[in-house]
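Okay, so here's the structure we're looking at.
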Amino acid sequence: MLGYIVKRILAVIPVMAIVALIVFLILRLTPGDPAAIIAGDTATPDQIASLRESMGLNEPIYVQFFQWIGQLLHGDLGTSLLSGTSVNALIADRIWPTLNIALLSIVMSVAIAVPLGTLAAWRHGRFGDHVVMAISVAGFSVPAFVVGYVLIKVFAADLRWLPVQGYRAPSQGMGEFLRHAILPAMTLTAAYVALTARMTRASLLNVLGEDYIRTAHAKGVKDVTVLLRHGLRNAAVPILTVVGTGFAMLLSGVVVVESVFNIPGIGRLTIDAVMARDYPVIQGMILLTSGIYVLVNLLIDIAYTVFDPRIRY
Amino acid sequence: MATRFKTQDFDPADEVIAIDRLCVELGTAEGGRRVLDEVSLTIRLGETACLVGESGSGKSLTSLAVMGLLPANAIRVTSGSIRLGDTDLLTRSAREIRAMRGSRMSMIFQEPMTALNPVMRVGHQIAEVLEAHGIGSTSERRRRVLDIMAQVHLPDVERVYRSYPHQLSGGQRQRIMIAMALILEPALLIADEPTTALDVTTQQQILGLISELQRVHGTAVLFITHDMGVVSEIADTVHVMRQGRIVESAPAERLFRTPQHDYTKALLDAVPSLHPRQPRPQETRPPVLDVESLGKTYESGGFLKKHVAKRAAEDVTFQLRPGRTLGIVGESGSGKSTVARCVMRLIDPTDGTIRLGDADITRLSPGQLRSRRAKIQIVFQDPYRSLNPRRKIVSSLIEGPINFGLPRNQAIERARTLLETVGLPADALDCYPHQFSGGQRQRIAIARAVAMEPDVIVADEAVSALDVSVQDQVLHLLEDLQRDLGIAILFITHDLRVAAQICDDVIVMQHGKVVEHGTAGDVLVSPRHAYTRALIEAAPGRGWDFAAGREIAREETNA
Amino acid sequence: MADVSRATTPGGGIARLLGLPPGTRIGVVPWIALAMLLFIVLVTVFAPLFSPHDPIALSPLNRLKPSSAEFPLGTDAYGRDVLSRVLYGGQVSLLIGVATAAIAVVAGLAIGLVAGFFRLADALIMRVMDAFMAIPPVLLAVALVAIHGASVSSVILAITFSEIPRVVRLVRSIVLSAREEPYVEAAISLGTRMPVILWRHLMPNTLAPLIVQATYICASAILIEAILSFLGLGIGTETPSWGNIMADGRTYFMLKPSLIFWPGLVLSLCVLSINILGDTARDMLDPRMRKREA
């Protein structure tokens, strides 16, 4: 058990190292001079040269990589070219809105998707199943920002129940936080619910074909009990897996949703950095989001052992 | 030992279950294919009725119909009645049937691994029967579960109660299933091939356990099996099924001594005798396969984990001469398949040498090995997976010869001839595997092996997945090919009856080691090693000659 | 001797190739989806025939006009006809969807086959794939496009990068399970060379699942293109795409929501049909369905 967890944790290291390499290469393998790109069209050759010097671009590429890795290992993501403040500080400033809304979305998604998927598997091939599958395939097919604008139009512009945009921290009052966060969270939820409900249904259908389900029926156990006690628990591992991999989708969605709802989170920070070609910030953001993704999936791997006693290595 | 059939007279006993002219059709609409046709049978208190037949005969459907477990959207009962005691099951609501499952009738299944919920402690799974029927408080349920677990002779019940299925052995898991089925003392127990997935020694214990509990509780048992040996050990009454009908019903002894229906006779005829066939003259030509001190050790572990070496096979030595058949017998995990796969170099042995003809192939690289591959071919167990489903039969048959440089048209010609040799029409060449039955696919797999003109064929449980009548045909085919072509066969099997019929020499393996090696006559008739003796004693129906319909004479068994 | 006559009838060409059971039934919804998709593809491919106006001609006099006979879906902030832009925009969106799916599947198949069959390469390839999976797709695309500039090809490339790992994982898992099949071991015993085994016995198993996967990638690429454009990182508006039409509509959203809703609706219907077709294909190929048929 402990060995399994330690093994999982150690497996994170090579993945994050390769992520760092990819992030580094995205910038350095650009055709042309990164300094010239960063400095922009109006820069003089002198400005470019001094930028080259300050970015350490005159060193051999592998030296640059290891210098950068050395920085990262000290927890230093670099300095923003635009504002001159450290990337760490920028992130610390902006991460909470994002995390709060992402967390709210996950809780909402799982709370909606698992019952929906269970219902679909239960009514397999019948009306309820078709309705759930229709909803989920639709949730998959509409771009997040369109969902966001429809919600704004209906609940904010027409009904005037909720604010159009903006963000309040939970510390400013839970009610206000929810009033502002509910539409962004619903926007993020659409695709996540679709994904999770589909997997819940598929995984449950798989399990319901197993011999031990027949055994449970042969014991005289009630159908509902068979579904929930024997079915759902055995179906849990694939559902958890998709909740984990879907997290990458959620992080992508954050960028869009913060833009639509004007939320000062790391998604907006990223887009602003991209617009300003603020490369250290872009690098930092990719590393951060990948790190969060890897961490979430690590936790999910560990959670497997709760659901399936056979996972012990 | 003489065979003792059960001879109890059940006429005065009460009927527990009466199935009367039960018809079942596929599909939900009128006019689906009829899969059960006027099936009638009754079982009385304390009686064991065996339902025998080959795959697809409708045995399992009958049992599921009784339990009300037929998939509602695919199969329906069209006429007939099923009475359990004085309740007509087919007229009852789903809720009423559910209440009877587990309490008045219960069922155990073939595969105890998949039939138990893998993520639930087995004690809770048994206790769930009580819970589902609203019986007892939590502590009382626990007490009753521990009690029934002791009755099915599980060791250390407190620990087993808390175990998950994967922590138990196959036999223990089946004991859990039995405990689950019998905890409420149902009037009827249905056992659907409950020992088929188990090793023969475990099978013997489970059969004994079912009989013991049946005596104690007076349960009526409907026992479904394809194995005539098992039938002869446990049946009071036998019902023979074929294509959805019961073709013959009779008390066990009468059925085995004087079978009436042709199909019953054919089934009994096909059961291989445990008595070895006549020995063939000694072969003096040099061996085509010479294996010396073969070993295979799996290493696992390493970083952060205990280093574990598992010896799958150890110090295996044998020689196989042209035209001879060497059997390797043993239970699951004995290492017999490891030996086969090492000899084929599908896995790499860790010790010893393998000589094929005059060449040492133990350490050849895949490239060097390729040119030697023609000399040794393999036939696998599962006929449904051993042919590529996407390729026509002809492609499978010519693949090897073309690899060895035979022109395509000649290879096709050879394939055509071979198909006839193995008893299939030549136009089968242009068909796909799914168009053939299991037995036919196994013939095609044999043709594919023979097409390479090998010196040795490794048959890895090659007839184990087949019904006995088909098994009999395929064994004869192998024998004919061996006679005509002089091929040597390395025959891997768990079935002593099959080994007795085809092998000249036999190796018995246990835990990766050879425990006995000799001629079939020596090993199977006068075994020296205790394990071999245990294996033979556990073989069901060993005292009975099924084809002849009589006991095997004492002098024969000891000859 | 039932053993010597053949059991069932021969199966058809495509069905056999995909390993489908004979007599697989398809409901009415997939046909509607197919019709809808074909319709969308036809009107976009032949956009010049159906467009009432030039999609990029500016017409300041006609700014933000509502729907009318002349402008069925109204006009945008520059007076361009929204219907014409949506029709032409489909060309770029569909091109990006199809090209991404094709490149990702071909590249993923090649890498996946190698990973599945060569143990040494496997560990390295899979770590790299894990790393690519860890980077959220939109962020990766955003970063690539930000650096390489937005063009149709760079957008395709950027999206492809995050789709490849899923294809690789799929192909690899199929190869890993198929190489344990006895018919593959039989081929080894027959002296067939490894590359031939890979091509002849393992690759065909990946075909059907890859077709399904390709539909999902196509759908997802169309969505990501829209998101990139929406964030202001897509292709310039002189080449209309469904994404950048909506991006243009952002500023005037409160005034005229239809600038986002019409292209959004067409895009969603297109992606929806592709997804439905993918689901249908997947259900037909589901081994559980096949078991039921047997």
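The values are calculated or read from the model by the stated rules, or taken from the named source; none is laboratory data. Everything numeric in this text was worked out from a predicted model, so none of it was measured. Methodologically, a virtual Cβ is constructed for each residue, glycine included, from the backbone with ideal geometry; neighbour enumeration extends over all protein chains shown. For accessibility, only protein heavy atoms count, side chains too; no ligands or nucleic acids. Shrake-Rupley method; radii C 1.70, N 1.55, O 1.52, S 1.80 Å.
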Fill in: Top-ranked residue in segment B:356-366 [being touching a Lys or Arg at 6+ places or on another chain (Cβ under 9 Å) and either open to solvent by less than 80 Å² (accessible area, probe 1.4 Å) or more than 9 Å from chain C (Cβ to nearest Cβ) (or both); ranked as nearest to B:K296 (Cα to Cα)]
B:T362
Worksheet item: Can you pull out the helices (runs of 4 or more DSSP H) entirely within segment B:383-458 that have at least 3 residues that are open to solvent by 60 Å² or more (accessible area, probe 1.4 Å)?
Response: B:408-421
Discussion item. Can you find, within segment C:211-259, the residue that is nearest to the chain's Cα centre (by Cα) among those that are of a type in the set (V, I, T) and either closer than 20 Å to C:A150 by Cβ or outside any helix (DSSP H, G or I) (or both)?
Written reply: C:I222
Worksheet entry | Hits in segment B:208-264 - residues which are under 30 Å from B:S103 (Cβ atoms), touching a residue at least 60 places away in the same chain (Cβ under 8 Å) and of a type in the set (G, A, S) | B:S211, B:G218, B:A220, B:A235, B:G244, B:S249, B:A252
Fill in: Residues that are of a type outside the set (F, W, Y) and surrounded by fewer than 22 Cβ atoms within 10 Å (Cβ to Cβ), drawn from segment B:518-531
B:G518, B:T519, B:G521, B:D522, B:V525, B:S526, B:P527, B:R528, B:H529, B:A530
Discussion item. Condition check: closer than 25 Å to C:G243 by Cα, in contact with a Leu (Cβ under 9 Å, 6 or more places away or on another chain), open to solvent by less than 30 Å² (accessible area, probe 1.4 Å) and hydroxyl-bearing (S, T, Y). Does C:S189 satisfy that?
Written reply: no
Practice prompt. Evaluate segment B:406-425: report whether one residue or more is modelled with pLDDT of 90 or more, in contact with a Gly (Cβ under 8 Å, 6 or more places away or on another chain) and under 27 Å from B:R242 (Cβ atoms).
Written response: no
Discussion item. Whether any residue in segment C:238-248 is among the polar types (S, T, N, Q), open to solvent by 30 Å² or more (accessible area, probe 1.4 Å), under 17 Å from C:R80 (Cβ atoms) and touching a residue at least 60 places away in the same chain (Cβ under 8 Å) is what I want to check.
Written reply: yes
Worksheet entry | Hey, B:P186 open to solvent by 40 Å² or more (accessible area, probe 1.4 Å) and either at negative phi or in contact with a strand residue (DSSP E or B) (Cβ under 6 Å, 6 or more places away or on another chain) (or both) or not | no
Discussion item. Restricting to segment B:492-517, name every residue that is open to solvent by less than 20 Å² (accessible area, probe 1.4 Å) and farther than 18 Å from B:E479 by Cα.
Written reply: B:I507, B:V508, B:M509, B:G512, B:E516
Worksheet item: Taking into account only those residues within segment B:369-382 that are surrounded by 17 or more Cβ atoms within 10 Å (Cβ to Cβ) and among the basic types (K, R), which is farthest from B:R414 (Cα to Cα)?
Response: B:R370
Worksheet item: Residues of segment B:307-336 being among the small types (G, A, S) and surrounded by fewer than 23 Cβ atoms within 10 Å (Cβ to Cβ), which ones?
Response: B:A309, B:A312, B:G323, B:S332, B:G333
Worksheet entry | Residue match in segment A:217-235 (condition: of a type in the set (K, R) and buried (at least 21 other Cβ atoms within 10 Å of the Cβ)) | yes
Discussion item. For the structure I just gave you, tell me whether A:Y304 is buried (at least 22 other Cβ atoms within 10 Å of the Cβ) and of a type in the set (F, W, Y).
Written reply: no
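Yes/no per residue for (1) surrounded by fewer than 17 Cβ atoms within 10 Å (Cβ to Cβ); (2) in contact with a Phe, Trp or Tyr (Cβ under 8 Å, 6 or more places away or on another chain); (3) at pLDDT 80 or above:
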position	(1), (2), (3)
A:D33	yes, no, no
A:I61	yes, no, no
A:I91	no, no, yes
A:L103	yes, no, yes
Worksheet item: Which of the residues that make up segment B:461-491 are under 30 Å from B:T350 (Cβ atoms), aliphatic (A, V, I, L, M) and open to solvent by 20 Å² or more (accessible area, probe 1.4 Å)?
Response: B:A465
Worksheet item: Is one or more of the residues making up segment C:187-210 in a helix (DSSP H, G or I), small (G, A, S) and closer than 30 Å to B:P454 by Cβ?
Response: yes
Item to complete: Test C:L228 against the criterion of being at negative phi and either open to solvent by less than 30 Å² (accessible area, probe 1.4 Å) or away from chain A (no Cβ under 11 Å) (or both), and give yes or no.
Response: yes
